[in-house]
1. At 1.002 mPa s and 20 °C, plugging the Kirkwood radius over alpha-carbon pairs of the stretch 4-95 into Stokes-Einstein gives what diffusion coefficient in µm²/s?
2. Just need the relative contact order of the stretch 4-95 here, percent rounded to a whole number, with Cα pairs under 8 Å and 6+ apart.
3. Highest mean first, what order results for 25-37, 53-65, 74-86 on Cβ atoms within 10 Å?
4. Ranked from highest to lowest mean number of other Cβ atoms within 10 Å per residue, what is the order of the peptides 43-50, 5-12?
5. Count the lysine pairs in the stretch 4-95 that are 8 or more places apart or on different chains: how many have C-alpha atoms under 30 angstrom apart?
6. For labels at Ile66 and Lys33 in the simple 7 Å Cα→Cβ model, what's the distance in nm?
Amino acid sequence: MMNINELMRKAQEMQQKMQEAQAAAATKEYVGKSGGGLVSISVLGDGSMQKITIDSSLIKADEKKILEDLIVAAYNDARAKSDKESQDSMSGMMSGLGMPPGFKLPF
């Protein structure tokens, strides 16, 4: 069984690793695409949108609603990729602590 000092040391290490991972993820770029690549959006890991690219074949007045829906779908695709990678990274770090299944830290 792990003593309290060892547990606290591991918790501090985990907190440091999580902060480093969050900082790295915040600057990583994710690209989401929709409409077979006709619309793409780049976002950073912090969720801020950086760029939208729209194929010129989509710029028609009567297709405005379709274009808006494709933009939303592309953004959601990029955001889902960002969230998944962040979640995978955090769960990988948590597995190294040796905590019992279901144990949650307060941070």
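Values quoted throughout were computed directly from the atomic coordinates according to the rules given, and no laboratory measurement underlies them. None of these values were measured; they are calculated from a predicted model. Positions of Cβ are generated from backbone atoms using ideal geometry, with glycine treated the same way; all protein chains shown enter the neighbour counts.
1. Calculated translational D: 143 µm²/s.
2. 31
3. Packing proxy ranking, top to bottom: 74-86, 25-37, 53-65.
4. The most tightly packed comes first, giving 43-50, 5-12.
5. 25
6. The modelled label-to-label distance comes out at 1.9 nm.
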